[in-house]
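Below: one structure, written as structure tokens.
The values are calculated or read from the model by the stated rules, or taken from the named source; none is laboratory data. Since we're looking at a predicted model, the values are computed, not measured. As a convention, Cβ positions derive from the backbone with ideal geometry for all residues, glycine included, and neighbour counts pool all protein chains shown.
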Amino acid sequence: MKTLLTLRQVKLDVGFLLCYNVIVNGNDNMINRPGLTSMTVKKRVTITQVATEAGVSTQTVSRVINYHQNVAPETRQRVLQVIDRLGYQPSNIARSLIQGYSGTLGVVGYGLEYFGPSRTLSGIEQQANELGYSLLLSLMRQPEKNDVEQVLRDMLSRYVDGIIWAMPEIGNNRDWIQQGTPQLSVPIVFLSMEPHPNLSVVAVDNRSGGRMATEHLLDQGYLTIGLITGPLDWWEARQRQLGWQDALKEACTEDHLVVEGDWTAESGERGLRQLLEQRPDMDAVFVCNDQMALGALQAARQMGIRVPEDLALVGFDDIPESAYFYPPLSTVRQDMVELGRCAVRELGCIIEASQQGRAVVEPRTILLQLQLIIRESSVRERG
């Protein structure tokens with residue numbers, strides 16, 4: 001008999017909820033073959049059966065499995081022996097209904113095929129595991145959509161203790177917050193969005209990163225610095241553009257050499273050609289992610305432009321491959337794993353304070369700092 005673990009996607013109005021199904025492939029003939037035994041499904045043992053076998057009440061069994069102190073040692077031992085003998089497994093759902101928490105965090109995400117979101121989810125999983133939480137993941141295929149009620153209802157119906165909204169801020173997909181956050185019985189932490197005084201937000205300091213990259217190019221002596229942005233309906237892309245503008249304004253140089261990309265290498269290649277058509281004497285470019293920078297490097301090679309001798313490039317993200325571009329790419333490193341971990345820690349603090357009856361954790365914005373990684377693509381040789 002062959003057992004397959006498959007991934008099933010349950011379609012929602014605005015996304016997909018990831019669930020796991022175990023499918024057993026077999027047929028009746030397999031059961032009777034020599035050397036094979038049939039698989040029987042054992043009926044679930046109930047707390048009432050445990051109580052009857054141990055000669056105690058169901059309340060006593062509940063106290064034992066929930067580690068209450070007011071149970072006599074000999075009674076506790078007898079109940080534990082019966083639990084072990086019968087193979088009793090407490091129901092997490094039932095326990096969550098009784099105790100008011102489930103030990104599960106909901107995560108609403110997008111774009112796991114991309115570097116940043118996948119690394120963020122990895123950080124969420126790592127920190128959740130360390131803190132003893134399980135995860136319920138819902139993926140939204142259209143992040144620009146604003147209809148979130150179905151996703152929230154589905155999360156709450158599964159008794160999550162809190163939600164991490166790991167969706168990028170795109171266009172008006174945060175309008176539902178401005179219109180009044182739906183009545184939620186659990187806390188929610190938002191990732192990668194504009195700070196809001198009444199929300200818990202965790203993000204990287206994209207504006208600082210854009211400024212850092214541009215100041216590095218200025219320090220290297222480059223004067224005409226273009227920009228290939230991400231899609232400007234993304235908050236993160238606009239922040240990186242503002243950082244570029246901040247540095248150029250302080251240096252009293254022009255800040256209008258801008259083309260808009262879409263995060264892909266193809267748009268980076270196209271963007272560099274467009275910038276050079278505007279200003280053939282452009283000597284540097286800040287590219288707002290490493291994938292677009294890869295495309296820009298390709299365009300430079302095709303046009304016979306040497307990097308960094310004729311044109312310097314700085315990217316953003318520090319994807320693992322960026323050190324192996326030709327030439328190796330200078331870039332702004334953002335720790336997306338730590339972004340996910342930080343979100344779980346913040347949500348865990350809020351949940352723990354509520355469970356323990358402590359003072360409410362006030363909403364705040366946490367901005368993670370970035371690191372400039374200098375490689376060959378932006379370093380000008382000093383004569």
request  = Considering only residues that are in a strand (DSSP E or B) and within 16 Å of residue 291 (Cβ to Cβ), look in region 321-367 and name the one that is nearest to the chain's Cα centre (by Cα).
outcome  = 333
message = Quick check on residue 349: is it buried (at least 19 other Cβ atoms within 10 Å of the Cβ) and either within 25 Å of residue 219 (Cα to Cα) or not β-branched (Val, Ile, Thr) (or both)?
response = no
remark   = Cβ pairs under 7 Å, 6+ apart or interchain, first in region 234-253 and among the small types (Gly, Ala, Ser), second assigned to a loop (DSSP other than H, G, I, E, B) and surrounded by fewer than 23 Cβ atoms within 10 Å (Cβ to Cβ), ordered by first then second residue, are 237/231
ask   = Is it fair to say residue 295 is among the small types (Gly, Ala, Ser), over 22 Å from residue 201 (Cα atoms) and under 29 Å from the mean Cα position of the chain (by Cα)?
value = yes
query = If you go through region 293-338, how many residues are closer than 21 Å to residue 365 by Cβ and free of Cβ contacts under 8 Å to residues at least 24 places away in the same chain?
reply = 0
task = Report yes if some residue within region 339-355 is over 30 Å from residue 134 (Cα atoms), in contact (Cβ under 8 Å) with a residue 24 or more places away in the chain and of a type in the set (A, V, I, L, M); otherwise report no.
result = no
request  = Please find, within region 230-246, the residue that is nearest to residue 216 (Cα to Cα) out of those that are out of contact with any helix residue (DSSP H, G or I) (no Cβ under 8 Å at 6 or more places or on another chain) and of a type in the set (D, E, K, R).
outcome  = 238
ask   = So which of 248, 276, 232, 272 ends up being assigned to a loop (DSSP other than H, G, I, E, B), touching a strand residue (DSSP E or B) at 6+ places or on another chain (Cβ under 9 Å) and at pLDDT 95 or above?
value = 232
ask   = In the set 263, 244, which member is crowded, with 24+ Cβ neighbours inside 10 Å and either touching a Cys at 6+ places or on another chain (Cβ under 9 Å) or not assigned by TED's automatic domain parsing to the domain that holds residue 344 (or both)?
value = 244
request  = Could you figure out which of (1) over 15 Å from residue 206 (Cβ atoms); (2) touching a residue at least 60 places away in the same chain (Cβ under 8 Å); (3) in a helix (DSSP H, G or I); (4) within 26 Å of the chain's Cα centre (by Cα) isn't true of residue 377?
outcome  = (4)
Residue selected from region 100-135 under the condition part of a helix (DSSP H, G or I) and among the hydrophobic types (A, V, I, L, M, F, W, C), by the criterion farthest from residue 288 (Cα to Cα) = 131
query = Taking region 197-212 on its own, how many of its residues are outside any helix (DSSP H, G or I) and at pLDDT 90 or above?
reply = 7
query = Can you spot a residue in region 105-126 that is modelled with pLDDT of 90 or more, farther than 12 Å from residue 341 by Cβ, of a type in the set (A, V, I, L, M) and within 9 Å of the chain's Cα centre (by Cα)?
reply = yes
key: Selected residue (criterion: surrounded by the most Cβ atoms within 10 Å (Cβ to Cβ)) from residues of region 122-151 that are touching a helix residue (DSSP H, G or I) at 6+ places or on another chain (Cβ under 6 Å) and over 23 Å from residue 353 (Cβ atoms)   = 138
key: Residue check for residue 339: more than 22 Å from residue 280 (Cα to Cα), aliphatic (A, V, I, L, M) and in contact with a helix residue (DSSP H, G or I) (Cβ under 6 Å, 6 or more places away or on another chain)   = yes
